[in-house]
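Let me begin by presenting the structure, written as structure tokens, before commenting on it.
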Amino acid sequence: MKKASSSLKEPSLPREAIRHQVIDAIAETMDLYGANYTFGQLYGIMYFEDKPMTLEDMQGYMNMSKSNMSYAVRSLLDSRMVTKLKEKEERKDLYAAETDFFQAFRNFFAVKLQREVDVMRGAIEAAIPELSEVILDAGTPDEERKLCLQDLHKLKHAVGYYEWLQRFVNDLQEGAFFEKAEGSTQD
């Protein structure tokens, strides 16, 4: 995979260079899952920050315009990788990254998968009655009826998949898959 150009400022200390490597790895892995590489870098910066950040703080780390920074933060908020805090700093909004990778994983994938479930179930639930009408219509040609029946069969199979996926999302949100993993930390 081609690595996107870095929008991070050049590190000046060894610790910053090491963080930079990890931040780029976070960005690259987020890119694998469809998140913008630069947004992944921003998440990485916020991940290492020990305090909430304003948009201006973030700009101090990245070479991005304020509008692009705002868009990146909104995207991270939507995927629940970042939260907007209730308190403010001098009337400026404060943001913090989810630093627990288990929780970040749960948040990110639950949001993405729930969106898939909602979009697809909505489309399928609308299509099944329409297909049924065409199948039952006496004026439908036999070949068209046969094709509609094939489509209906496929969609009913898809319903089963999306019911399973909804249960998976529910379990993911409840943390069902992480009980053993969260307790196993290596020093």
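The values are calculated or read from the model by the stated rules, or taken from the named source; none is laboratory data. Not measured: the values here are computed from a predicted model. Ideal geometry is used to build each Cβ from the backbone, glycine not excepted, and the neighbour counts take in all protein chains shown. In case anyone asks, the SASA skips ligands and DNA or RNA and just uses the protein heavy atoms, side chains included. Shrake-Rupley method; radii C 1.70, N 1.55, O 1.52, S 1.80 Å.
Brief remarks on what is shown
- Exposure rank, largest accessible area first [D151, D50; 1.4 Å]: D50, D151
- GluC sites (Glu not before Pro) lying in DSSP loop within the stretch 15-53, provided at most 16 other Cβ fall within 10 Å: E49
- DSSP H segments from the chain that extend 24 Å or more along their own axis, Cα-based, with Kyte-Doolittle mean of 0.0 or above: 101-136
- Contact order relative to length of the chain, as percent, for alpha carbon pairs under 8 angstrom and 6 or more apart: 15
- R0 of 22 Å, Cβ-Cβ distance L149-D171: FRET efficiency to nearest 0.05: 0.05
- Note on the stretch 1-115: percent of Cα-Cα distances in each 5 Å bin, starting at 0 and stopping at the bin with the largest distance, equals 2, 12, 23, 26, 20, 12, 4, 1, 0.
- L13-V111 FRET efficiency (beta carbon distance; Förster radius 35 Å; 0.05 resolution): 0.50
- For the residue pairs K9/K112; K51/K86; K51/K112, the C-alpha atoms sit more than 25 angstrom apart in K9/K112; K51/K112.
- A Förster distance of 45 Å, applied to the separation of the beta-carbon atoms of V22 and A126, puts the FRET efficiency at 0.50.
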